[in-house]
Structures are given as structure tokens and as C-alpha cells.
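Q: If you scroll down you'll find the structure; I have some questions about it.
The values are calculated or read from the model by the stated rules, or taken from the named source; none is laboratory data. Nothing here was measured: the structure is a model prediction, and the numbers come from that model. FYI the Cβ positions are ideal-geometry reconstructions off the backbone, even for glycines, and counts take in every protein chain you see. Note: accessible area is taken over every heavy atom of the protein model, side chains too, but ligands, DNA and RNA are not part of it. Shrake-Rupley method; radii C 1.70, N 1.55, O 1.52, S 1.80 Å.
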Amino acid sequence: MKAMRLESIGNLVVREVEQPAPGPDDLLVRVEACGICGTDRHLLHGEFPSTPPVTLGHEFCGIIEAMGAEVKGFRLGARITGDPNICCGRCPQCQAGRVNLCRNLKAIGISRDGGFADYVIVPQKQAFEIPLALPATHGAFCEPLACCLHGVDLAEIKAGASVVVLGGGVIGLLTVQLARLAGATTVILSTRQQAKRKLAEELGATASVDPSAGDVVEQIAGARGLVPGGVDVVIECAGVAETVEQSTRLARAGGTVVILGVMAQGDKVRIEPFDILFRELRVLGSFINPFTHRRAADLVAAGTINVEKLISRKITLDEAPAVIGSPPAAGEVKVLVVTGGA
Ligand code: NAP
Ligand code: ZN
């Protein structure tokens, strides 16, 4: 079968590999669609730890073609979406329910072979069935949506709340939709590209701001801003210093800031601790998808979250190394590697 292998840092190739065989607890899944994520670019450049050689791809869905003897509750021909993050279940973090902080965390597509291939092995506890009636491309959104769901859960958005989302990539645009779904009546997206601001408003943002048009904090939380005094919840989804620095200043006193965006390890930002203390802000990190994959799959299956509008381009596996090897094109939200008719 074909697979896209990270042979070593900086070296990504599509080549023939042996088709894997499922162990007793595994599903053999024929991949239909697998999303390209910023993390794949970080893995290629060695900015995120991985153990090459490995097949990348952690946002996948596909059809069960074979399964091990111990697998229960699945049938051949069903479609599944994979939760790539595998916890050990035994370490102190797992035992405390913090499975995303597992000390022995492994991930499909990062530390073991993933979904940029004709087939992927998925342990049964990582697989969640989704309807065959759904376009397969939609299944590839369950993983990023599950991460956003964790962030929105942590934010504890109340009905009628005001929310700012910083960064209009796929994470920001999913978060905008989840914030509305959670009951926020004001959802403001800040992102530089006009096309993404327009898309956000189509997807439920009540307003959007252009960071190039002036100070974002003034535009939103200033005396003549959209929500003078700041919003209940800020969700940072850009992963750049500028937006992280804005996040605490955009929250109202007693408000909540959730950091979903990933900055490079070692990077620093300027935040005024006095501001966090004096205005008693709740500042939280949100890492991956603890126990949220099933709900994400249900939201995608029900069509409650619009993922179709987030698909910018569908490409073949052979085209993927060049796409991952270059920065995202202007206006591009999600690029999917698809096989067959997906
Ligand atoms: P992305 O497409 O790179 O999205 C980031 C967006 O932020 C860009 O599209 C960009 O859009 C916008 N941006 C950049 N600078 C900005 C600025 N100064 N002000 C406002 N917006 C700005 O990536 P993504 O896939 O959506 O992911 C977003 C972040 O979440 C990444 O850091 C990713 O690593 C992280 N992530 C975290 C988790 C987790 O579990 N916590 C899971 C998945 C991804 P414009 O060009 O329109 O400004
Ligand atoms: Zn563990």
C-alpha cells in the first residue's frame, strides 16, 4: 500500500510500504479522508516531537476492512473516525481522569503510523462509528472539532455570554460555531484575512474585526468598542504572541481566557500579571481532546457543525508532501487528502 512517511526531520515521501495487519484489539481501516493540520508542518520541520520513520496523519476516517479476534461492537464495512491520542490508562494523570496529560501518551500519526496511507491500524478503543450516509470528508473534522470542544467546555460559556475568538483558521472557525451552540449571543472573531471574517459571519459569528485596522483591544473592549469593558470569554486560536497578549486584555474583570493556539516551545509573551490578579481572570490551557471525540463525531454526524464550508481543497496522497512542505495558501482553511470518491 501507499503511505506518506516522515523518514527523518525535513524528509517527507510517499512510497510503497507493507500493508499492516490488525492485532487482536485492532481495526484495519481503509482511509477515505485525512486532514492536513498545522502540526503536520511542525512535525516535518522538527518543531514538534515525533519518532521518525513514521506515517503521518492524525485526522482520519475510513471503512473497517478487517478486525482482530477481540474486537467487539464493530462490523466490517462500517465507517469510523479515529481519536489519535492513546493514553496508557494507568499513570497518575490517567487515573485522575486527565487522560490528555497521560505520561505515556502515544498518538496515531505522530508516534505510530497514521492516516496518510491507504490503510491505518486503529485500536478499538480509539474508534468511533459515524454514518456511511455522511460525506467521508466530514469525518476528518472530528479530531480538530474534539480539540475545540475541550476548549469550549473549559470556557464554561453560559447562555447569553459574549465571546471573542482570536484567529480564523479551522480551529477558530469551529470554535466560533461551538461558542454559538453553547449559547453565546455575541461571538466576535478577529482574523486578518477578509475571506475568513466573511466565512465566520456566515457560520454564526455576530461580528468580526480586522487586526490590521487598528488595536483589537480598542475595537472590541474599548469605551467605543463592540463590548465596552471586555467579554466574558476569550478563546485564543491563532497561537501567535500578539493574540495571546491581546487575550487577557480582551476579557472583562472576572472573565475567562482559554489558550488553544500552540506557540513554539520556549517562546515568550508579555502579559501583565497584575491585570490577571487585579481583575481576577481565569486563564486556562486546553490540550487536545480528553473524552470529547464521541461528542465531536455526533456533532459532525448530525450536521450541527458546518464543516463543508471549511474544506478549501481535496488532494491526493501524492500531492501531500509538497502541500505540507509549503506554508498554507492565502484563504485556505482545511486541505484534505482523499482517496477514491470521497
Ligand atoms: P491556522 O490555520 O494556522 O490558524 C491560525 C489563524 O490565526 C490563521 O489562519 C490566521 O488567519 C490567524 N492569525 C494569525 N495571526 C493573527 C493575528 N495577529 N491576529 C488574528 N489572527 C491571526 O491553524 P489552525 O489549524 O486553525 O490551528 C490554530 C492553532 O491551534 C494552531 O496554533 C494549532 O497548532 C493549534 N491547535 C491546538 C490544539 C489543541 O489541542 N490545543 C489542537 C489543534 C490545533 P489570518 O491570516 O486570517 O489572520
Ligand atoms: Zn497515562
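Q: Return the ratio Rg/(2.2 N^0.38 Å) for the chain, where Rg is computed over Cα atoms only. Mind showing how you got there, number by number?
A: Working: Rg = 20.1 Å, N = 342, 2.2 N^0.38 = 20.2 Å.
That works out to 0.99 for the chain.
Q: Take A96 and R313, extend 7 Å from each Cα along the Cα→Cβ direction, and tell me the distance between the two endpoints in nm.
A: So the label points at A96 and R313 sit 4.3 nm apart.
Q: Then there is this: Work out how much length E47 to R270 would gain on full extension: take 0.36 nm times their residue separation and subtract the Cα-Cα distance, in nm to one decimal.
A: My answer for the length gained is 78.1 nm.
Q: Cα gyration tensor of the stretch 146-196, axes a ≥ b ≥ c as square roots of the eigenvalues: rounded (a/c below 1.5), prolate (a/b > b/c) or oblate? All intermediate terms of the calculation are to be shown ahead of the outcome.
A: Working: a/c = 2.43, a/b = 1.42, b/c = 1.71.
Taking the square roots of the gyration eigenvalues as a ≥ b ≥ c, the stretch 146-196 is oblate.
Q: Calculate the FRET efficiency for A223 and S326 from the Cβ-Cβ distance with a Förster distance of 41 Å, rounded to the nearest 0.05. The partial results should precede the final answer.
A: Numbers: r = 43 Å, r/R0 = 1.05.
My answer for the efficiency is 0.45.
Q: Of the cross-linked pairs K196/K334; K158/K198; K158/K334; K158/K196; K198/K334, which ones have a Cα-Cα span greater than 23 Å in the structure shown?
A: Too far apart for the 23 Å limit: K158/K198; K158/K334; K158/K196.
Q: Expressed as a whole percentage, what fraction of the accessible surface of the chain belongs to carbon and sulfur atoms when a 1.4 Å probe is rolled over the protein heavy atoms?
A: Numbers: 7900 of 14900 Å².
Carbon and sulfur atoms account for 53 percent of the accessible area of the chain.
Q: Please label the shape of the stretch 1-122 as rounded, prolate or oblate, based on the square roots a ≥ b ≥ c of the eigenvalues of the alpha-carbon gyration tensor (a/c under 1.5 means rounded; beyond that, a/b larger than b/c means prolate, else oblate). Let's see the in-between values first.
A: Numbers: a/c = 1.93, a/b = 1.04, b/c = 1.85.
Since a/c reaches 1.5 but b/c is at least a/b, the shape of the stretch 1-122 is classed as oblate.
Q: Roll a 1.4 Å probe over the protein chains and send me the accessible area per residue for the stretch 148-285 in Å².
A: 46 Å²
Q: Calculate, axis by axis, the spread of Cα positions in the stretch 196-247 along the three principal axes, and write the results as whole Å, longest axis first.
A: That gives 27, 25, 23 Å along the principal axes, largest extent first.
Q: A follow-up question, please. At a Cα cut-off below 22 Å, give the lysines reachable from K72, other chains included and same-chain residues fewer than 8 away excluded.
A: K125
Q: Can you list which of the DSSP-assigned H helices in the chain have a Cα extent of 18 Å or more along the long axis and an average Kyte-Doolittle score of at least -1.0?
A: Those that clear 18 Å and a mean of -1.0 are 142-155.
Q: Exactly which GluC sites (Glu not before Pro) in the stretch 256-332 are in a DSSP loop and have at most 16 other Cβ atoms within 10 Å?
A: Those that pass, being in a loop and sparsely packed, are E280.
Q: Could you compute the FRET efficiency for A302 and E201, with r as their C-beta to C-beta distance and R0 at 22 Å, rounded to 0.05?
A: 0.45
Q: Assuming R0 = 22 Å, what is the FRET efficiency of E18 and A69, from their Cβ-Cβ distance, to the nearest 0.05?
A: 0.55
Q: In whole angstrom, how far apart do the alpha carbon centroids of the stretch 1-78 and the stretch 277-337 sit?
A: Taking the Cα centre of each part, the stretch 1-78 and the stretch 277-337 sit 18 Å apart.
Q: With the contact rule set at Cα under 8 Å and sequence spacing of 6 or more, what percent relative contact order holds for the stretch 148-285?
A: 22 percent
Q: Sort the stretch 148-285 into rounded, prolate or oblate with this rule: let a ≥ b ≥ c be the square roots of the eigenvalues of the Cα gyration tensor; rounded if a/c is under 1.5, and if a/c is not under 1.5, prolate when a/b is larger than b/c, oblate otherwise.
A: rounded
Q: With +1 on the Cβ of every Lys and Arg and -1 on the Cβ of every Asp and Glu, and nothing else charged, how large is the dipole of the stretch 174-267 about its Cα centre, in debye rounded to the nearest 20?
A: My answer is approximately 240 debye.
Q: Only loop residues by DSSP count here, and only those with at most 16 other Cβ atoms within 10 Å; note down the GluC sites (Glu not before Pro) in the stretch 4-86 that meet that.
A: E18, E47, E70
Q: 222 nm [θ] for the chain, helices only, -39500 (n - 2.57) per DSSP H run of 4+, per residue, to 500?
A: On the way: 11 runs with 88 residues, N = 342.
Mean residue ellipticity, 222 nm, calculated: -7000 deg cm²/dmol.
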